[in-house]
1. Rounded to the nearest 0.05, what FRET efficiency do Val9 and Phe84 have when you use their Cβ-Cβ distance and R0 = 22 Å?
2. Provide the convex hull volume over Cα atoms per residue for segment 141-245, in Å³.
3. Taking 0.36 nm per residue of separation and subtracting the Cα-Cα distance, what length does fully extending Met24 through Ile222 add?
4. With only Lys, Arg, Asp and Glu charged, each at its Cβ (+1 for the first two, -1 for the last two), find how big the charge dipole of segment 1-71 is about the Cα centre; round to the nearest 20 debye.
5. With a 1.4 Å probe and all protein chains left in place, how much accessible area per residue does segment 30-81 have, in Å²?
6. 5 Å is the cut-off here: which amide hydrogens, built 1.01 Å from N in the peptide plane, fall below it relative to Arg215, excluding neighbours closer than 5 in sequence?
7. Can you give the alpha-carbon Rg of segment 18-84 over 2.2 N^0.38 Å, where N counts its residues?
Amino acid sequence: MFPQNGRPVESPWRLAFITVVQFMEGLPDRQAADAVRGRIDLKYALSLELSDPGFDFTILSDFRARLVQGEAEHLLLDAMLALFKERGWLKQRQQQRTDSTHILAKIRAINRLMCVGEAMRFALNSLAVVAGDWLLTHAEEDWVYRYGHRIEERRLPSSQHERQELAETIGRDGALLLGVIFEPTAPPLLREIPAITILRQIWVQNYWYEDGQLRWRSNENIPPSILYIGSPYDCQAHYSKKRSTTWVGYVRRVGADEIPALCRRG
């Protein structure tokens, strides 16, 4: 995957570590590269000198692309597990705790307002790649400012009334976008984009029409957690609760044919 000969390149283990930090802190590539240049904690974790100039942020996307194209996403994890077993930190045939299933979802737990905002941003970004010229002629001017950045809690209004207004504004934006996409004259390709399908599902789950007006659903009027999409980027991860622990992640549902066997096992 990363040969030792040829021109010097960034160490793959460092790039993998930075990728994990990106996920933990929600950093895009440019901000992650800036963090490596300016943060002492990251330089220490990456075994870099304080004077290290860092690297160009585009290397991160190249690194991820190489992993995906080489189907080597689990290469580092497998190497780590092998080392853990060698050191005795993991034992053969040992049952692992299942409390940590929430980390399997490659998302952060985001509330409903952040979810619809990110769904709209995800749809617009996908359209920009697939049909940029079409999007330019149909996008509203305000959308650039409203969805041009990641929807984060710190950017949201503090009062419940303002959040309600923002939720309804985002709802109208999404309804307008879906309306033009599903017009007979719109390119059929647009309706096949996965982000648009997800946008439709999230809008049905979070909005409804009353007297011709789009309304924000109350928390009591949304689908059950097994059906509700909590993030546009990972539709199979759902809200779950086990005693006092809550998470957004994957839960294995027991089928009816498995119940007798579970009962026999006590």
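1. On the way: r = 27 Å, r/R0 = 1.23.
In this case the efficiency is close to 0.20.
2. Details: hull volume 16.2 nm³, N = 105.
Convex hull of Cα atoms, per residue: 154 Å³.
3. Numbers: separation 198, 0.36 × 198 = 71.28 nm, distance 2.86 nm.
Going from the current span to full extension adds 68.4 nm.
4. Details: 8 positive and 10 negative charges, 14 e Å.
Computed charge dipole of segment 1-71: roughly 60 debye.
5. Details: 3610 Å² over 52 residues.
Accessible area per residue: 69 Å².
6. Trp208, Tyr209, Glu210
7. On the way: Rg = 13.2 Å, N = 67, 2.2 N^0.38 = 10.9 Å.
Working it through for segment 18-84, the quotient is 1.21.
The values are calculated or read from the model by the stated rules, or taken from the named source; none is laboratory data. Keep in mind that what you see is a predicted model, and the values were worked out from it rather than measured. Please note: Cβ atoms are built from the backbone with ideal geometry, for glycine as well, and neighbour counts cover all protein chains shown. All accessible areas refer to the heavy atoms of the entire protein, side chains included, with ligands and DNA or RNA removed. Shrake-Rupley method; radii C 1.70, N 1.55, O 1.52, S 1.80 Å.
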